[in-house]
Amino acid sequence: MSTYAPAGVTRPGRPRVIPHAASVAAPRDEILQAAAELFVNRGYAATSTRDIAEKVGIRQASLYYHFAGKPGILAELLELSVRPSLDQVERIEGECPADLPEAALYLLALIDADTLATVPHNIGRLYRMPDVRSSEVFGEFQPALRELVAAYGRLGAAVISGPVAATVSVDQLGGLLVQVVEVVIRIRARGDEVTRADARAIAATCLRVCGVRDGRIALAAAAADELMPMFATDARSRGAGG
């Protein structure tokens, strides 16, 4: 059983060791930002709570007013890499035209690409790192990851062509589609910006993996473009704290 504090539980903080006069972020969010940078660049196992506290400019003891320990910080960061997309799946299915199911998959890919492109310090890399994958926290994160794969598989199965359906299962399809979108992580790891054109190409590629023809992809893109501003605004408002 994990001992980390659940996301959203905060306690009163103590004064900083090093004041950050220009900072407007809440201490909990600054801890997440600092931990994200350290975990990605130095490694989860190689980073201590003291390292995180020093980077934020607070005493190590103060960090424990916000998180029970390093596993709790990792758990919240992992959730940030998938939860904004997962939280939109049901709404995507409800808002997209029933006679154009391709739009739902295209829109999910756009939202997911946007999530991975905007999370701090490319934290989508975390669940690929060996020291994270071997942690207890990763085991508790896997259901959310499987849920995302299942959502992609379900939306992909609704538009898949006969020849493609004959070669992959729904679970395999979901995994393939997630991997297509995760190219965002590799783009960011190179130091490049993920552009709107990149996101659109990734979404279109998801449909091509399913065997969707170009004409239907164009229709899906147009429908998704109409809906995306509403979803993007909602996703950013929910994720503003991270």
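The values are calculated or read from the model by the stated rules, or taken from the named source; none is laboratory data. Computed from a predicted structure; not experimentally measured. Using ideal geometry, Cβ is built from the backbone for each residue, glycine included, and neighbour counts are taken over all protein chains shown.
General remarks:
- Scanning the stretch 211-229 for residues that are closer than 15 Å to residue 95 by Cβ and touching a residue at least 12 places away in the same chain (Cβ under 8 Å) gives 220, 223, 224, 227, 228.
- Enumeration of residues in the stretch 83-100 that are surrounded by fewer than 22 Cβ atoms within 10 Å (Cβ to Cβ), in contact (Cβ under 8 Å) with a residue 12 or more places away in the chain and either among the aliphatic types (A, V, I, L, M) or farther than 21 Å from residue 151 by Cα (or both): 86, 89, 100
- Any hit, the stretch 30-42, residues being at pLDDT 95 or above, of a type in the set (Gly, Ala, Ser) and over 23 Å from the mean Cα position of the chain (by Cα): no
- Hits in the stretch 120-153 (condition: outside any helix (DSSP H, G or I) and either touching a helix residue (DSSP H, G or I) at 6+ places or on another chain (Cβ under 7 Å) or touching a residue at least 40 places away in the same chain (Cβ under 8 Å) (or both)): 129, 135
- Selection from the stretch 138-148 of residues that are surrounded by fewer than 22 Cβ atoms within 10 Å (Cβ to Cβ) and more than 15 Å from residue 87 (Cβ to Cβ): 138, 139, 140, 142, 146
- Filtered residues of the stretch 59-82 (kept if more than 17 Å from residue 147 (Cα to Cα) and among the hydroxyl-bearing types (Ser, Thr, Tyr)): 62, 64, 65
- Residues located in the stretch 35-79, provided they are of a type in the set (Ser, Thr, Tyr) and crowded, with 23+ Cβ neighbours inside 10 Å: 44
- Filtering the stretch 154-206 to residues that are surrounded by 13 or more Cβ atoms within 10 Å (Cβ to Cβ), of a type in the set (Val, Ile, Thr) and not in a helix (DSSP H, G or I) leaves 159, 160, 168, 194.
- Hey, residue 110 farther than 25 Å from residue 189 by Cβ and not in a loop (DSSP other than H, G, I, E, B) or not: no
- The selection criterion, being modelled with pLDDT of 95 or more and surrounded by 14 or more Cβ atoms within 10 Å (Cβ to Cβ), holds for residue 103.
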